[in-house]
Amino acid sequence: MYARVAWVLAALTMLIAGADVWVTSAYRPLLSEEAIAVHGFPFVTAAVVGCSAMGALIVTRWARHPIGWLLCLIGFLASISLLAEAYSVWVATADGPGSRSLGGIAGWISALVGGQLSLAALAILFLVAPDGRLLSRRWRAAVVVTLVGYGGYAGSLLTLSPTAFDIDRQETGPIGSLLSVLGLPFIAGGLVAAMVSMVIRLRRSRGVQRQQLRLIALAVVFVALSFVFLIVVQLFNGGRQTWMSSLPLFVSYLCLPLLFAVAVLRYRLFDVDLIINRAVVLALGTIFAGIGYTGLVIAVAALLNTHTDGFWLSLLATALVALAFQPLRQRVVWLANRLAYGARALPYEALSEFSRRLAEPPSPNALLPAVAEAAGRAVSARSSIAVLQVPGLVGISDVWPGPADGAPDYEVPVRQGGDTLGSIGVTMPKGRGLRPADEQLLRDLADQTALAFRNAAMETELAGHVAALDRTTEALAESRRRIIAADDAARRRLESAISRDVLSHLQPMPERLSRLSVAKSGNAATDELEQLVDETNAALESLRVLTQGLFPTQLARAGLARALSSHLARNGQAVAVHFEPSADRRFPARVEAAAYFACVEAVRAGSMAARIDLRVVAAELVVQIRGHARDQIDVQAIVDRVEAAGGRLSLDEAGLLSVSIPVDAGEPTRL
């Protein structure tokens with residue numbers, strides 16, 4: 001029943017608005033400046049229809065909701081006012097059908113149910129928004145003040161004769177003037193009280209109600225700014241009402257019922273932030289355009305001593321205003337973000353700045369600090385950490401604003417294509433948790449940085465491979481240098497040994513042979529010859545020993561134990577050698593050669609109290625050498641030989657040289 005009545009009122013409003021359009025078109029073009037600036041077509045017409053329609057929607061949802069019925073009433077009565085005004089002007093200015101007295105009555109009705117009644121109804125709307133109830137019983141006084149104000153204004157109209165009413169000039173008597181002076185300030189007082197009530201509600205509200213009130217506050221601010229814009233423009237153009245000065249006000253009228261309906265019906269209520277943001281940008285841009293346009297037109301007209309209605313002058317002023325607004329656009333957007341989001345504008349500003357920093361691919365050293373800072377600032381965290389995971393390396397991380405103070409309270413992974421590339425973690429201040437919106441913000445940040453993380457991981461991994469190749473190249477170069485140095489040292493040792501042990505026997509031999517050739521035969525010659533034979537045999541034995549040092553033949557024939565014992569006995573070195581049963585066997589040639597040369601090199605210049613122990617432990621031949629001259633052996637040469645066989649060497653502070661060489665699997669050959 002209630003919904004049907006509301007929709008009937010909405011239908012009547014639409015029919016009356018259509019009649020108003022027809023009447024207005026009868027005496028002036030609908031798109032003329034007078035029709036737009038004075039009568040408000042098509043914005044005011046659409047606003048009254050919208051009021052009734054939105055009111056009917058609210059009543060359909062909640063049958064006795066005061067805001068729905070107030071919107072229906074405002075739309076219906078405002079449509080009657082528009083039609084009556086249009087007819088009155090038609091009769092008065094264009095000799096429309098009907099008498100002058102009938103036109104006066106229509107103008108009187110238009111004034112009675114027009115703007116002042118709509119303002120009073122708006123004041124009551126703001127007092128009961130958004131739930132249809134006053135803030136408290138004390139606020140009934142504001143409703144009474146508003147109704148008394150409208151009553152005073154209506155009383156001033158009742159002192160006038162409707163048939164002689166002139167819509168452009170309203171001359172009231174003393175009583176009418178008194179009532180008018182009493183009425184208008186009371187309505188204004190009611191509006192001010194409604195604003196105060198809304199501010200109090202907004203400060204006390206939370207959650208859904210806060211979003212509702214912010215949307216209604218947007219409607220109020222939009223109307224207020226439009227009034228300011230209208231007054232400022234008319235101050236510059238001599239009080240003439242033009243379409244440029246009236247357009248923001250009419251648009252705010254059109255948006256008013258829509259915003260109220262969205263707030264009350266809670267339709268997509270949490271998109272209000274975006275609506276407020278765009279509305280503030282539009283309002284500031286409109287105010288700037290209006291003031292700039294009016295000021296430029298008047299200034300140029302004054303300089304050129306011409307009128308202000310030239311087409312080219314208007315076009316030039318519009319272009320200059322548009323160019324001047326561009327440098328201010330960023331500041332206007334920033335202000336809109338602040339007004340719409342408040343403290344929550346920081347996350348959006350941080351993410352925007354972070355997106356600009358990602359426009360150029362940053363290095364890992366610059367990416368992680370930027371991500372950590374963006375995450376921390378976005379959710380107002382005490383600290384934040386960004387971790388980049390690189391295959392084969394320890395995770396790279398960076399903490400904002402300083403050293404980490406423990407594990408983060410909340411951590412979101414950075415993923416792309418099913419691969420986890422890293423994580424972003426935040427630690428919130430004590431007593432403050434992470435809101436769902438903040439969690440979603442961190443997830444959005446992680447999605448935004450996924451590609452940058454992958455690029456940084458690939459760059460870090462590639463840098464690691466390059467560094468490993470550089471180290472390998474340097475190691476190969478160092479190994480080559482050691483091989484050359486070892487070969488040169490071996491050649492020098494061989495040359496020295498030949499000079500000392502072989503040439504010392506062979507160098508005197510030519511001279512002694514020449515003496516022997518001229519000597520007489522006999523016992524002396526025989527003794528000399530025997531002496532030469534002995535020295536030749538000594539030289540050969542020295543050569544045999546030297547060649548055995550290069551690679552002893554006995555090592556290949558008899559194995560490690562006998563070759564090592566023979567070498568030590570032949571050189572007269574009192575070194576104790578102990579082979580455990582597990583080591584007294586044959587090993588692969590590379591294992592025996594590595595162990596043999598390690599022992600020979602270690603005891604070459606060793607102490608006479610040296611000791612060598614050999615055993616097999618866990619498939620490794622372990623050689624331990626004690627009592628060697630640590631400062632006189634070539635440890636690097638032993639390392640090269642052992643590592644070539646896959647083994648390793650260790651040398652402790654006590655002088656124990658330990659060599660471990662892997663033994664190939666398989667049944668060993670017994671001696």
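Bear in mind that the values in this text are calculations on the coordinates, not laboratory data. It should be emphasised that the depicted structure is a prediction, and the values quoted were computed from it without experimental measurement. When we count neighbours, we look across all protein chains shown, and the Cβ atoms used for this are built from the backbone with ideal geometry, even at glycine.
The table below lists the values:
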quantity	calculated
Relative contact order computed over the stretch 2-269 (Cα-Cα under 8 Å; 6+ residues apart), in percent	22
Amide H within-cut-off set for SER397, under 5 Å, with H built and near neighbours excluded	LEU388
Exposure proxy ranking, count of Cβ atoms within 10 Å, fewest first, for TRP7, TRP22	TRP22, TRP7
The stretch 1-107: relative contact order in percent, alpha carbon pairs under 8 Å with at least 6 residues between	32
In order through the stretch 442-449: 3J(HN,Hα) via Karplus (6.51 cos²θ - 1.76 cosθ + 1.60), integer Hz, x for Gly, Pro	5, 5, 5, 5, 5, 5, 5, 8
In nm, spacing of pseudo-spin labels at GLN416 and LEU543 (7 Å Cα→C-beta vector)	7.2
Amide H contacts of SER383 (H built 1.01 Å from N, under 5 Å, at least 5 apart or other chain)	THR427
Segment LEU12-VAL466, length gained on full extension (0.36 nm per residue, minus Cα span)	155.3 nm
Additional length obtainable on full extension of the chain from GLN440 to SER380, 0.36 nm per residue less Cα span	20.2 nm
Which of GLU478, GLU85, GLU373, GLU461 has the fewest Cβ neighbours within 10 Å, and the rest in rising order	GLU478, GLU461, GLU373, GLU85
For the stretch 651-660, 3J(HN,Hα) per residue [Karplus equation, 6.51 cos²θ - 1.76 cosθ + 1.60, θ = phi - 60°, Hz, x = Gly/Pro]	9, 8, 5, 7, x, 7, 9, 10, 10, 10
Additional length obtainable on full extension of the chain from ALA589 to VAL196, 0.36 nm per residue less Cα span	131.4 nm
Prolate/oblate/rounded call for the stretch 372-439, Cα gyration tensor, a/c under 1.5 rounded	oblate
Residues GLU33 and ARG133, FRET efficiency given R0 of 45 Å [Cβ-Cβ distance, rounded to 0.05]	0.55
Least to most buried among LEU656, LEU476 (fewest other Cβ within 10 Å first)	LEU476, LEU656
Built amide H within the under 5 Å cut-off of VAL414, gap 5+	LEU421, GLY422, SER423, ILE424
Euclidean distance between Cα centres, the stretch 566-604 to the stretch 1-55, Å	114
